[in-house]
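Engineer: Mind having a look at this structure? Questions to follow.
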Amino acid sequence: MKLTKMSDVVTIIRGGGSVRKTGQGGLLALYDADGKQVDAWQNAIKAAATFLRYEPLDLPEPGAAATTTICLRAEPERPVSPTGKQQKFEVLRGRVKELADYFRLAGKCPERISLSPADFTYLLRSINARIRADARAVARAENERRKAEGVRGKRVKPAYVEACAMTWAGIPLVEGPTYSKHRSVDLTPTPTTSALAP
């Protein structure tokens with residue numbers, strides 16, 4: 001069934017879905033939390049993306065590996081910075097762990113854990129950077145082995161699967177809505193021409 005309402009698209013995005021660019025004249029595609037494409041009107045997708053201030057993702061290149069879901073709890077620990085400061089990735093992961101442990105101690109299991117758009121994007125980018133670095137290291141080692149053994153052929157290119165979603169012990173981590181900041185209000189009286197009168 002084709003989705004025609006913005007509210008339905010918003011529900012899918014908040015539930016872990018995503019909006020991606022198709023590269024076809026500005027058309028967008030809607031995907032659910034499982035990575036399956038959902039048929040929806042373009043107006044509904046664009047209205048939902050605007051409402052949530054959601055930046056559509058780029059589709060992978062043709063022939064590229066499919067995206068996957070990564071468990072944040074199982075991610076390798078990020079090293080401490082040279083100054084001894086804990087990396088932001090570990091700080092955010094600690095916050096997610098505290099919230100998940102709170103629900104576990106209360107005997108509850110939330111349907112999802114919502115993160116701020118900035119934190120969600122940071123974690124996902126950090127995970128994908130780690131995936132790309134690991135893939136480059138594997139390809140580099142293979143190319144060096146081939147060179148040492150005199151094996152001819154094309155150089156091995158990094159092959160990896162980018163993450164598009166995250167979980168914590170099976171609990172989906174989703175991108176929450178963006179809230180606009182309240183602007184400070186100047187309560188000082190506005191000067192008028194009457195105040196200049198003698």
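The values are calculated or read from the model by the stated rules, or taken from the named source; none is laboratory data. Computed from a predicted model, the values in this text were never measured in an experiment. Reconstructed Cβ throughout: ideal geometry from the backbone, glycine too, with neighbour counts over all protein chains shown. Ligands, DNA and RNA are stripped out before the accessible areas are found, and what is left, the full protein with its side chains, is counted by its heavy atoms. Shrake-Rupley method; radii C 1.70, N 1.55, O 1.52, S 1.80 Å.
Engineer: When DSSP assigns beta bridges and you keep just the ones with both residues in the stretch 65-177, what percent turn out antiparallel, to the nearest 5? Present the calculation step by step, with values, prior to reporting the outcome.
Structural biologist: Numbers: 3 of 10 bridges.
The answer is about 30 percent antiparallel.
Engineer: To continue, here is another question. Hey, got a sec? Which GluC sites (Glu not before Pro) in the stretch 75-129 land in a DSSP loop and have at most 11 other Cβ atoms within 10 Å?
Structural biologist: Details: sites: 77, 90, 98, 111; in loops: 77, 111.
Passing both the DSSP loop test and the Cβ count: 77, 111.
Engineer: Here's something else I'd like to know. Which order do the peptides 137-144, 156-163, 122-129, 44-51 take when ranked by the mean count of other beta-carbon atoms within 10 Å per residue, highest first?
Structural biologist: Output ranking for 137-144, 156-163, 122-129, 44-51: 44-51, 122-129, 156-163, 137-144.
Engineer: Go through the stretch 86-91 residue by residue and turn each phi into a ³J(HN,Hα) via Karplus (6.51, -1.76, 1.60, θ = phi - 60°); whole Hz please, and just put x for glycine and proline.
Structural biologist: Result, rounded to whole Hz: 6, 5, 4, 4, 5, 5.
Engineer: If a/c stays under 1.5 just call it rounded; otherwise compare a/b with b/c (prolate if a/b is bigger, oblate if not). Do that for the stretch 1-57, with a ≥ b ≥ c from the square roots of the Cα gyration tensor eigenvalues.
Structural biologist: Numbers: a/c = 1.19, a/b = 1.13, b/c = 1.05.
Rounded shape, in that the Cα axes give a/c under 1.5.
Engineer: Here is a follow-up. Which value, in Å², gives the accessible area per residue of the stretch 12-169 when a 1.4 Å probe is used on the protein heavy atoms?
Structural biologist: Value returned for the stretch 12-169: 66 Å² of accessible area per residue.
Engineer: Determine, from the Cβ-Cβ distance of residue 1 and residue 156 and an R0 of 30 Å, the FRET efficiency 1/(1 + (r/R0)^6), rounded to the nearest 0.05. Can you show the working numbers first?
Structural biologist: On the way: r = 45 Å, r/R0 = 1.49.
That gives a FRET efficiency of 0.10.
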